[in-house]
Amino acid sequence: MYYLRTSEASLIFSVTQRTLQSAAQRNSTKYPFLKIEDAGVRARGGVKLLFEVSEERVKKAIDSGKIKSDVSVYIYENKELKELKFSEICQIKSWSYKGLKACNDKGLGNCSDETLGGRLGDVYLNSSDEEIKEAREKAELLQRFEIAKKSKVPCDKFCELEKISRSNLFRWQKAYKEKGIRGLIDKRGKKKGSYKLERWMEEFIINKFRAYGAGILNITQIWKDLHIEYSKKSGDFSKFEFLQGKVKPLFDIGVITRFIDNYYKNRQVEYMLVTKGFDRTVGSLEPAHGNQGILITRRNECWQIDSSPLDLIVRNGEGGQHLRPNILSIIDIYSGRCVATLAESSNALALTRLLYRAISELGLPEAIKGDNGRDYVSEEFQRLLEGIGVSYISSRAYQGRDKGFVERHFRTIQQSKMANLPGYIGRNVAMRENIEHQTPKKERHAKDEFGHTIKTHQELLLTYEEMKKIFEVAVYEWDMTAIKRGKIAPITKWNGDNTPLKHISYENFILYAGSKGLRKVTKKGIVIDGIRYSSNELPYGEEVRVSVNIDNVSEAFVFSMDGDFICKAVDSEIRALNAEDFSTITKRFNKNLRELRRAIKNAKLSEFSKLNIDYDLAETKKAHMEALKKEPRELINTNSTSAVFEKIKKQEEVAKIKKASFDYEKYEAPKIKKSKIKPVDELIEEMKAV
């Protein structure tokens, strides 16, 4: 591809010079152009305007007489714009054996500047600067050898002085006599950098890499596409001539590979962004944030909370369907102590249970740091934290490193104990494919022997309950492990701190847990999740705040809009009834079947933390308790909560009295003696007797 001045280009394109200049001002792609800054006084404003023209169009313009054969053209070589006569380029490309023989007949060192310049021009167009320089050095050495021979210097002595071998000297001599300067260019093995890509070729390769570098980048296809693009620009050959192997390629595939390697050698961020994506680039190359725990000076000053899918498939009961549980974890930043559990799904109820378990084991924290997930910022969870006096710190969205401690806990647990259990599916897609391919293709099915849709082709799977126990053992081991950690065990650091531990009673906790927000009291009570709660103390027609007992979904605590406790309402289907209520209530089992099923499901969720543990878990827990320092805890109780429980106690006593006054189970309706109606004949006889 050549670049010509505006005057010659306008003749080739059959347009006026003003048309080309206007196209350049509009940055039109119809006539590709170059603007050369600081071009000299001959150019207007110091800017030279050149237009891109293919070799074929230049030849046609010369044949038609539009331009002269010695028109000046510009070509890009080694990232520099060189000016040549088009007639000289044609002469170089059509260099014949006749011209070569004429040069050889003149002898070494006697070639004319024109002939030598022609050959050097040919080398310049097809070889790198290093190859040209090396060939010229060899030619000068051969000239010195001819002078040495005239001075009767022995060949061996000359080779010793020049530090070359006789074989190389004679081989270069022969090559120069046969091919001139061309013969001295060593193309064997195609040295690195032997072909210099043009600027547009480099941009072509980089654009391809940026577009497809994340997948399977086929260098061979890029090499083909680049040659096809070159054929369009230059007109030297057609696409099909190249594909059929009728023309010699410009370079081999290694040129593209080496260019990509060199280009991205000092562009690590761009390379990783193209191949790995934004998140992995940020995670790997973003500057370090330092030690996140350096500002935490005592235990329970701040916790981190998060959830993550377990890299393991289990069965939901013997013969049950496949299940991938979630890890719910809380980490004390100061010590590294952990409280974690498994749940079928990460939801507000599961997080609430985990929180109370952590408070029971570690004490009450000052603050908790978590993400912006809907379970963490839900009204229920936030009201709970506000009620027990714990601050919540939201991390930045999609910035897992803000919760580095709990994220590291996930990684350690998943890649250590969990990785050596049946059902492990790996930490990424590639690893999971390798694991699944252990099962032959003919043995893979969409459903298992129980008819359940499968999530892994592994046959031996643990049950969900077994996995919970194994996971709990792993959590206790995490607290006690110091080996291979490079630091003391979390439980040792915990014991070394004397910060007083605060605690909150379970009764106080459940008052704030399970908040359901505002509800309006109707004649039949309050309906939440299909359950109807009722109490004689409910203020009919008013809006109240309601919190469901997470440990007993049949109970709900009712507060006024000002936060004053009103009463404890219970599920109207199962509460004890007094005489006044008995007359107005009928059984609604069939109508409320759906609501009852929801209640049962919630009740099952409430039992997750009440499972029995096997021998291994009991032993590990015993060792964990022995390692933990024994110390008292300050019970946090407010006057308001004490008043609440006192009021509940009085309400229950009143309800007990009412129940005693009317026990509908023992109530028997009085028997009414039925009168017998006598026939008319008997009445007549009785009257006669009188």
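Just so you know, all these numbers are worked out from the coordinates, no wet-lab data involved. Fair warning: this is a prediction, and the values are worked out from it, not measured in the lab. Cβ coordinates were reconstructed from backbone atoms using ideal geometry, including for glycine residues, and neighbour counts include every protein chain displayed.
Normalised by 2.2 N^0.38 Å, where N is the number of residues, the C-alpha radius of gyration of region 410-515 stands at 1.58. Each principal axis of the Cα atoms in region 320-419 has its own extent, and those three values, largest first, are 38, 32, 30 angstrom. Modelled spin labels at residue 643 and residue 367, positioned 7 Å past Cα toward Cβ, are 3.2 nm from each other.
Based on Cα contacts under 8 Å between residues 6+ apart, region 390-480 shows a relative contact order of 21 percent. Extension gain, residue 391-residue 85: 0.36 nm per intervening residue step, less the Cα-Cα distance, totals 102.2 nm. For region 487-522, the residues whose backbone nitrogen is under 14 Å from a point 7 Å from the Cα of residue 540, taken along Cα to Cβ, are 521-522. With contacts taken as Cα pairs under 8 Å at a separation of at least 6 residues, region 434-527 carries a relative contact order of 12 percent. Length gained on full extension, residue 177 to residue 377: 63.5 nm, using 0.36 nm per residue less the C-alpha separation. Expressed in units of 2.2 N^0.38 Å, where N is the residue count, the Cα radius of gyration of region 353-469 is 1.44. In the structure shown, the pairs 85/138; 157/179; 133/157; 59/85 are assessed against 19 Å; a Cα-Cα span above that value is assigned to 85/138; 157/179; 133/157.
Of the trypsin sites (Lys or Arg not before Pro) in region 381-473, the ones in a loop by DSSP (not H, G, I, E or B) with at most 13 other beta carbons within 10 Å are 396, 444.
Around the Cα centre of region 199-283, unit charges on the Cβ atoms of Lys, Arg, Asp and Glu (plus for the first two, minus for the last two) sum to a dipole of about 20 debye.
How much length is gained on full extension from residue 18 to residue 220, taking 0.36 nm per residue of separation minus their Cα-Cα distance?
68.4 nm
With viscosity 1.306 mPa s and temperature 10 °C, the Kirkwood radius over alpha carbon pairs of region 199-283 converts through Stokes-Einstein to a diffusion coefficient of 113 µm²/s.
For residue 36 and residue 481, a Förster radius of 60 Å and the Cβ-Cβ distance give a FRET efficiency of 0.30, rounded to the nearest 0.05.
As a proxy for reagent exposure, 184, 635, 312 were ordered by neighbouring Cβ count within 10 angstrom, fewest first; the result is 635, 184, 312.
Each residue of region 251-264 is assigned a 3J(HN,Hα), and the resulting list reads 6, 8, 5, x, 4, 5, 4, 5, 5, 4, 4, 5, 5, 9 Hz, derived from the Karplus form 6.51 cos²θ - 1.76 cosθ + 1.60 (θ = phi - 60°), x at Gly and Pro. Less than 5 angstrom separates the built amide H of residue 567 from those of 558, all sequence-distant by 5 or more or on a different chain. Once both labels are modelled 7 Å past Cα along the beta-carbon direction, what's the residue 621-residue 455 spacing in nm? Here the modelled spin labels are 2.6 nm apart.
Summarising the label geometry, the points placed 7 Å from Cα in the beta-carbon direction at residue 241 and residue 506 lie 8.9 nm from one another. The alpha-carbon atoms of region 301-504, seen along their principal axes, cover 61, 41, 31 angstrom, with the largest extent given first.
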